């Protein structure tokens, strides 16, 4: 599916609405090690909790142009209603969510690369979030915000009275600074480490106002502190983490969200309990359980049996779910899927100059990469591995047709196995060679192993390659992609939506200063990303994104296959579920069976 500029900015994807009736028996789940609450020490100087005003809309959505070189005005509050601390309903029953992986199952700030937001969103909140209807930014923990001097300064005014779980006090500006500093710290695993590392100063104006200063313009920082975008930075309690110590804080997370963690059995399940009277909303469900079920067919079977209510599932299962009259929720524009060819980082210690697609002789290496691209029948991959829910006409990630940065010269590479064999022969690798394909499911992208299998089968048939399939959990592979220790290994990877402009995802997974490397790594790309990120003018940024596209297209460091939809299966207990446009990760589960409203306004049960 190609998105027009208007469609790209909104990514509207709404679930079918229906009548709502909750009639549940409480379901008791056997859980693992208990996350016992720790009582905080009492502090005499803790700020008094008060009630803040309603939400304020700040700079436009991350999908649109960034701020100009002057200060961006902040809209006046949309509502002065008190936060929804007096609920119009009592939470009942249990919501059960099954997913293929939890990621690395860590809870500390800076301890995760980003995909763990599938589980972390259940308890943590961010400064901003996104409107499910428009995709625009709205305040969450921040009631207002503004960008100044072209993105050098960002000021946030926090809601007053927001409380951390288990009596750990009120959220204040110190907690924001602490959380940001942890993401930027040495050893941080966050994909956004390179962004937060650009922060050179903080000014805490008062307990509820903080100004962040960057070394260079950071024009779309609103997309890095946003609950509606995968893998962004959440806000932690400085008091809890420093008092409890990291070891304990990593298993007993203290957050501010509508649910709190009550137990966590690693590799099995997480159990949450509703926080009644929480500042933003009271959930419809009293309990929520996340269950790790690796096998796709098992998740589907449990959804059909009614033992779980929401599953993430590969789009290849879309036909089967619909044939079985199972409700599905699709998310257009969620990701672009392709094949990462590991080892293209000559400046790293892990570089192996014998890997055919990463040879020091760039001309030969490019022939190998082009041969591999031409040997993939992308339409067949979309039909077979993605259930037809995608479009094979992409050559670069998020360079969709109709966008101003997508040039005609970025023509997708077609299917030509004969030419592919000729190129391999010219490069000195006639008959291909033996290598490994990692089959790693990512949160929200359960289809990746199926895509990898489809591509491996075609390479074997068309080129004569011998490919060793290696299924891995993402938590196991996490060290490899952080430390660049997978040279010569192919990997199917889907770049998820984190903003309309392609550079917004590439700076997270393709910048050599980033915490992870899952696609490209090239000094020229670093330069492109740094210049784009410092350019406040949208038209000038478009020209730079076009230039970056030329570099990426010429290098062919990654083989793009298709735009792909996100897909969930949902059971009868789920009557309404408002999610952020383009976000194919499981999120907003606190809003299931509620009518979404901007944070600070009353949230009611769906009828």
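The values are calculated or read from the model by the stated rules, or taken from the named source; none is laboratory data. The shown structure was predicted, so the numbers you read here are calculated from the model rather than taken from an experiment. As a convention, Cβ positions derive from the backbone with ideal geometry for all residues, glycine included, and neighbour counts pool all protein chains shown.
Quick grid of which residues meet (1) in a loop (DSSP other than H, G, I, E, B); (2) touching a residue at least 24 places away in the same chain (Cβ under 8 Å); (3) surrounded by 19 or more Cβ atoms within 10 Å (Cβ to Cβ):
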position	(1), (2), (3)
300	no, yes, yes
303	no, yes, yes
308	yes, yes, yes
316	no, yes, yes
337	no, yes, yes
349	yes, no, no
367	no, yes, yes
371	no, yes, yes
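When the range 318-335 is examined, which residues are found to be part of a helix (DSSP H, G or I) and surrounded by fewer than 19 Cβ atoms within 10 Å (Cβ to Cβ)? The answer is 319, 320, 322, 323.
Only strands (runs of 3 or more DSSP E) whose full extent lies in the range 73-151 are considered here, and the ones with at least 2 residues that are at pLDDT 85 or above and over 30 Å from residue 298 (Cβ atoms) are 128-130, 137-139, 142-148.
Rundown of residues vs (1) in contact with a strand residue (DSSP E or B) (Cβ under 9 Å, 6 or more places away or on another chain); (2) more than 24 Å from residue 271 (Cα to Cα), yes/no style:
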| residue | (1), (2) |
| --- | --- |
| 287 | yes, no |
| 293 | yes, no |
| 306 | no, no |
| 309 | yes, no |
| 313 | yes, no |
| 318 | yes, yes |
| 322 | yes, yes |
| 335 | yes, yes |
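For the range 121-133, the criterion of being surrounded by fewer than 19 Cβ atoms within 10 Å (Cβ to Cβ), over 19 Å from residue 278 (Cβ atoms) and touching a residue at least 24 places away in the same chain (Cβ under 8 Å) is met by at least one residue. Out of 561, 586, report the one residue that is in contact with a strand residue (DSSP E or B) (Cβ under 7 Å, 6 or more places away or on another chain) and in the same structural domain as residue 456 (by TED's automatic domain parsing). Answer to the check: 561.
Of the numbered criteria (1) at negative phi; (2) in contact with a strand residue (DSSP E or B) (Cβ under 8 Å, 6 or more places away or on another chain), the one residue 169 fails is (1).
The helices (runs of 4 or more DSSP H) found entirely in the range 379-496 that carry 1 or more residues being at pLDDT 90 or above and either in the same structural domain as residue 542 (by TED's automatic domain parsing) or more than 20 Å from residue 556 (Cα to Cα) (or both) are 417-427, 448-463.
The single residue among 282, 289 that is in the same structural domain as residue 104 (by TED's automatic domain parsing), surrounded by fewer than 22 Cβ atoms within 10 Å (Cβ to Cβ), in contact (Cβ under 8 Å) with a residue 24 or more places away in the chain and not in a helix (DSSP H, G or I) turns out to be 289. Applying the condition of being crowded, with 24+ Cβ neighbours inside 10 Å and touching a residue at least 60 places away in the same chain (Cβ under 8 Å) to the range 163-178 and asking which residue is farthest from residue 287 (Cα to Cα) yields 175.
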